[in-house]
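Take a look at the structure set out below.
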Amino acid sequence: MNSLAIEYQLLDDEKLSKAEADLASSAIQAMEMAYAPYSNFKVGSAVLLANGEVVLGNNQENAAYPSGLCAERVALFSAKSKSNEPISCIAVVATNAKGAFADAFACGNCRQVMLEYASQEVQKSPIRVIMRNHEGRFLVLDDVRKLLPFTFNSKNLG
Ligand code: THU
């Protein structure tokens, strides 16, 4: 039998670096404008670019449910629609219908999109990920690729 282990840190907010604490605050700010009338699950995301720019996103829902989009992809697509600046880090936070901290663990589709950008040639270093959990603590991964092993990527297309 084979097995995989994923390395991550679980940090209280005061243990985050200043840059990453600021990024988490930006994600919290973005969450305020989430449009989530159906799930009442609000998600905010903030993408830090190598040039220091921060791009925000939040979940945008729709009466035709699949037409909505997750916060992470709103932020990532927005960032990439403006420039091909490398991505340093992405922060994600969420609250549930009661307004309490919820696990902001990026869904599979968002992980796939993160991975796509992590594999771009412009990307000279890995994309870090910070996800706030239901206790208000932060899971920190130094490389988004750790979130999606056995990945499907452009190489699979031959
Ligand atoms: N959602 C996100 O924004 N990011 C994720 O990674 C998981 C889920 C949103 C989608 C939907 O608006 C709501 O959370 C409930 O699934």
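The values are calculated or read from the model by the stated rules, or taken from the named source; none is laboratory data. Please read all numbers here as calculations on a predicted model, not as lab measurements. All Cβ positions, even for glycine, are placed from backbone atoms using ideal geometry, and neighbour counts span all protein chains on display. Only protein heavy atoms, including side chains, enter the accessible area calculation; ligands, DNA and RNA are left aside. Shrake-Rupley method; radii C 1.70, N 1.55, O 1.52, S 1.80 Å.
To keep it simple, each residue is scored yes or no on (1) open to solvent by less than 60 Å² (accessible area, probe 1.4 Å); (2) touching a helix residue (DSSP H, G or I) at 6+ places or on another chain (Cβ under 7 Å); (3) within 9 Å of the ligand (Cβ to nearest atom); (4) under 22 Å from P149 (Cα atoms).
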residue: F41; (1), (2), (3), (4): no, no, yes, no
residue: G44; (1), (2), (3), (4): yes, yes, yes, no
residue: L48; (1), (2), (3), (4): yes, yes, no, no
residue: A63; (1), (2), (3), (4): no, no, no, no
residue: A75; (1), (2), (3), (4): yes, no, no, no
residue: N96; (1), (2), (3), (4): yes, no, no, no
residue: L115; (1), (2), (3), (4): yes, yes, no, yes
residue: P126; (1), (2), (3), (4): yes, yes, no, yes
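The set of residues in the stretch 4-39 that are in contact (Cβ under 8 Å) with a residue 40 or more places away in the chain and open to solvent by less than 20 Å² (accessible area, probe 1.4 Å) comprises L16, L23, A24, A27, A30, M31. Annotation: of all residues in the stretch 51-61 being under 16 Å from the mean Cα position of the chain (by Cα) and surrounded by 14 or more Cβ atoms within 10 Å (Cβ to Cβ), the one that is nearest to E20 (Cα to Cα) is V54. Just a yes or no: is a residue in the stretch 2-12 closer than 17 Å to V144 by Cβ, among the polar types (S, T, N, Q) and under 12 Å from the mean Cα position of the chain (by Cα)? No, because not a single residue in the stretch 2-12 is closer than 17 Å to V144 by Cβ, among the polar types (S, T, N, Q) and under 12 Å from the mean Cα position of the chain (by Cα). Tallying residues that are open to solvent by less than 60 Å² (accessible area, probe 1.4 Å) and basic (K, R) within the stretch 128-145 yields 1.
When A75, A24, A106, A102 are checked against the criterion of being among the small types (G, A, S) and touching a His at 6+ places or on another chain (Cβ under 9 Å), A102 stands alone in meeting it.
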